[in-house]
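First the structure, in the form of structure tokens, and then the observations on it.
The values are calculated or read from the model by the stated rules, or taken from the named source; none is laboratory data. The model shown is predicted, which means the values in this text are computed figures rather than measured ones. Cβ atoms come from the backbone with ideal geometry, glycine included; neighbour counts cover every protein chain shown. Ligands, DNA and RNA are stripped out before the accessible areas are found, and what is left, the full protein with its side chains, is counted by its heavy atoms. Shrake-Rupley method; radii C 1.70, N 1.55, O 1.52, S 1.80 Å.
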Amino acid sequence: MKPTPSASSDPAPPERTASADQLPIHELLSYRLSRVANAMSRSAALRYRREFDVSLGEWRTIALLGADAPLTLNKLARLAALDKAQMSRVVAKLSERGLVLRELGAGRTTQLTLTRKGAALYRGLIDAANERDQAFLVCLTEQERQVLDTALDKLGTLARALERAEER
């Protein structure tokens with residue numbers, strides 16, 4: 001007598017057959033945007049590691065502080081799309097390397113800024129980032145750039161609204 005497979009090992013039946021109006025995952029806008037963003041980030045991470053010895057999280061932290069310091073850890077984490085614990089580890093590494101300065105702020109907050117060494121690194125990184133930005137934009141016409149900019153603004157606004165709605 002053959003053993004019967006348990007219910008948990010049986011393959012799940014398809015929920016439904018995809019209809020003509022349903023897109024497979026590789027055609028969904030969010031998936032395509034994510035793939036492009038991830039590829040752009042991976043290539044940036046490789047360059048920034050090679051040329052500046054910083055990780056992608058460190059680059060984002062340095063870039064955000066270079067653009068808008070002083071920042072608190074919480075604000076910096078939100079802007080970099082990292083959780084507070086991840087950002088804390090990144091800041092600790094950058095602080096140990098003499099790139100980020102922590103100073104007591106109002107109440108119990110800590111204000112984060114770049115040191116002189118960090119500001120010098122920022123200038124090199126932001127130059128490289130702008131060079132990369134131009135390399136991506138060169139394949140688009142001026143009209144395509146404007147349409148992309150408008151579309152990204154609209155998608156960003158909608159994505160934040162949907163995120164707020166899901167949090168309720």
Task: Cα centroid separation - the stretch 19-82 against the stretch 98-167, whole Å - done: 9
Task: Dipole of the chain, positive direction: furthest Cα of 22, 112, 44, with charges on the beta-carbon - done: 112
- [ ] Could you state how much accessible area residue 88 has, in square angstrom rounded to the nearest 10, with a 1.4 Å probe and all protein chains kept in place?
- [x] 50
Open item on the list: Rounded, prolate or oblate, given the Cα gyration tensor of the stretch 112-168, with a/c below 1.5 counting as rounded?
Closed with: oblate
Open item on the list: Please report the net charge: other residues with Cβ closer than 12 Å to the Cβ of residue 95, K and R +1, D and E -1.
Closed with: +2
Task: Heavy atoms of residue 61: accessible area, 1.4 Å probe, square angstrom to 10 - done: 0
- [ ] Using amide H atoms built 1.01 Å from N in the peptide plane, name the residues 5+ places from residue 114, or on other chains, whose amide H lies under 5 Å from its own.
- [x] 101
- [ ] In debye, nearest 20, what is the charge dipole magnitude of the chain about its Cα centre with +1 on Lys and Arg Cβ and -1 on Asp and Glu Cβ, if you could check?
- [x] 720
Task: Rounded if a/c under 1.5, otherwise prolate or oblate - the stretch 26-74, Cα gyration tensor axes - done: oblate
Open item on the list: Lysine pairs in the chain with Cα distance under 27 Å, only those 8 or more apart or on different chains: how many are there?
Closed with: 7
Open item on the list: Of the candidates 99, 29, 137, which one comes out as most mobile in a Gaussian network treatment of the chain with C-alpha springs shorter than 10 Å?
Closed with: 29
TODO: Please go through the stretch 54-144 and write out the trypsin sites (Lys or Arg not before Pro) that DSSP classes as loop and that have at most 12 other C-beta atoms within 10 Å.
DONE: 108
- [ ] Give me the accessible area per residue for the chain, probe 1.4 Å, as a whole number in Å².
- [x] 75
- [ ] Report the Stokes-Einstein translational diffusion coefficient (µm² s⁻¹, integer) for the chain, Rh taken as the Kirkwood radius over Cα pairs, at 10 °C with viscosity 1.306 mPa s.
- [x] 81
Open item on the list: Under 10 Å, Cα contacts only: if you run a Gaussian network model on the chain, which one of 73, 140, 64 comes out with the highest mean-square fluctuation?
Closed with: 140
Open item on the list: Ignoring everything except DSSP H segments at least 4 long, calculate the 222 nm mean residue ellipticity for the chain; use -39,500 (n - 2.57) per segment, divide by total residues, nearest 500.
Closed with: -21500 deg cm²/dmol
TODO: On the protein heavy atoms, probe 1.4 angstrom, tell me the percent of accessible surface of the stretch 46-168 carried by carbon and sulfur.
DONE: 53
